[in-house]
Amino acid sequence: MNSFLGRPYLDSYSPTADEQYAVNVVELPGGIKKTLFLLEIHEDGVSKLLSSKESLARCDIAVFVYDSSDESSWKRATELLMDVAGDGEDTSYEVPCLIVAAKDDLDSFPMAIQNSTRVSQDMGIEAPIPISSKLSDFNNIFRRIVNAAEHPHLSIPETEAGRSRKQYHRLINRSLMVVSGMLIVWHLTTVLFLMHLKLGVVENVGDHGWIF
């Protein structure tokens, strides 16, 4: 948040206790400028946020930041990602999500690359973006946030439950299309048969009756 506002890096770290806001202008390629409004929420505040059914309706993008040197921080970030993704699927307020691996200047925890690759591939989103505030290496993170918000379909995570639900709905829709197609064919056959009766020529076949 401090880097977003252009403040210098501080070695001392104070965990976020309350919600913090920051607003700044992000310049994109071509000289285009976008105003980005960030709201920082501590991990304990996510449950409160999601307690409102329409909480994600006002959100353009969710960014999950974790300490890349701490495996427990990574696990907590993925849990929050699953919570937000699941809530979005349940309420139909799905939002694009990015994962940011902070403290890239430190050694990553064991299996960090494998775990992050698996989660990002399973959920269909971009792999964690490494940054280092200490080295002032932000990897164009704020531009990437704006870009993801403007192209949400590329970064919306999908849970296993949500994927199964969509597959079920697609199966139901296909079944309805088949039934509808059968009804249309039957209807056309009936119409053609009636038209044949209407346009047919009546002939007298003597003692055998009438035919069309």
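The values are calculated or read from the model by the stated rules, or taken from the named source; none is laboratory data. These numbers come from a predicted model, not from an experiment. Neighbour counts run over all protein chains shown; Cβ positions are idealised from the backbone, glycine included.
Comparison of Leu106, Leu98 shows that the only residue that is assigned to a strand (DSSP E or B) and either outside the structural domain of Ile41 (by TED's automatic domain parsing) or of a type outside the set (Asp, Glu) (or both) is Leu98. If a residue must be touching a residue at least 12 places away in the same chain (Cβ under 8 Å), under 19 Å from Leu81 (Cβ atoms) and not charged (D, E, K, R), how many such residues does region 112-138 contain? So the count comes out to 13. Applying the criterion of being under 14 Å from the mean Cα position of the chain (by Cα) and of a type in the set (A, V, I, L, M) to the residues of region 146-165, the residue that is farthest from Ala62 (Cα to Cα) is Ala161. The listed residues are Ser69, Ser47, and the only one of them that is hydroxyl-bearing (Ser, Thr, Tyr), farther than 16 Å from Glu126 by Cβ and part of a helix (DSSP H, G or I) turns out to be Ser47.
Of the residues making up region 63-92, those that are under 18 Å from His42 (Cβ atoms) and of a type in the set (Gly, Ala, Ser) are Ser72, Ser73, Ala77.
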